[in-house]
1. Can you confirm whether segment 23-30 contains a residue that is within 30 Å of ASN4 (Cβ to Cβ) and in contact (Cβ under 8 Å) with a residue 60 or more places away in the chain?
2. In the set PHE78, PHE18, which member is aromatic (Phe, Trp, Tyr) and at pLDDT 95 or above?
3. Of all residues in segment 25-55, which are closer than 25 Å to ASN80 by Cβ and at pLDDT below 90?
4. How about segment 69-114: which of its residues are among the acidic types (Asp, Glu) and touching a residue at least 12 places away in the same chain (Cβ under 8 Å)?
5. Which condition does ALA71 not pass, out of (1) at pLDDT 90 or above; (2) under 23 Å from the mean Cα position of the chain (by Cα), if it passes all the others?
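The values are calculated or read from the model by the stated rules, or taken from the named source; none is laboratory data. This one's a predicted model, so the numbers in the text were calculated from it and none came from an experiment. Cβ coordinates were reconstructed from backbone atoms using ideal geometry, including for glycine residues, and neighbour counts include every protein chain displayed.
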Amino acid sequence: MSTNPELVAALEGALANFDLKARFDNMLKSLIEVLPQDTFTTRSPNFSRRTHVVSAMLAYDNVLRDLAVEAGIDLTAFDNIIGQVQQLLLTECAKAPPGLKVVRTLQQIVEGRQ
């Protein structure tokens, strides 16, 4: 049996996780469950928060952003990185999952034999 070049092309470069949208949705659900456990009431106020929590707060809260600017913290690089990652998410989630390419190729093979 020979190798099907269309199938090989469809599988090349396929990500281990085929559905990035589902992965990111699951990540958001996970954050929703974890974030309430990262409050100042559940541990010492002088204990540093996790990086992803601080990033989310800094991206979300104008009061924290204003305080950071007043403290001399330049948020330009942070905002640029967030914007670039937003664009990456939009680009990656707009692509068809690699697994879908496999399904389409297999459908074409089956239809071609009928």
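1. No - not one qualifying residue is present in segment 23-30.
2. On the way: PHE18 fails: at pLDDT 95 or above.
From the options PHE78, PHE18, the qualifying one is PHE78.
3. The initial filter retains those residues of segment 25-55 that are closer than 25 Å to ASN80 by Cβ, namely 27-28, 31, 35, 48-55.
Scanning segment 25-55 gives LEU31, LEU35, SER48, ARG49, ARG50, THR51, HIS52, VAL53, VAL54.
4. Initially, segment 69-114 is screened for residues among the acidic types (Asp, Glu), giving 70, 74, 79, 92, 111.
Result: GLU92, single match.
5. For ALA71, the exception is condition (2).
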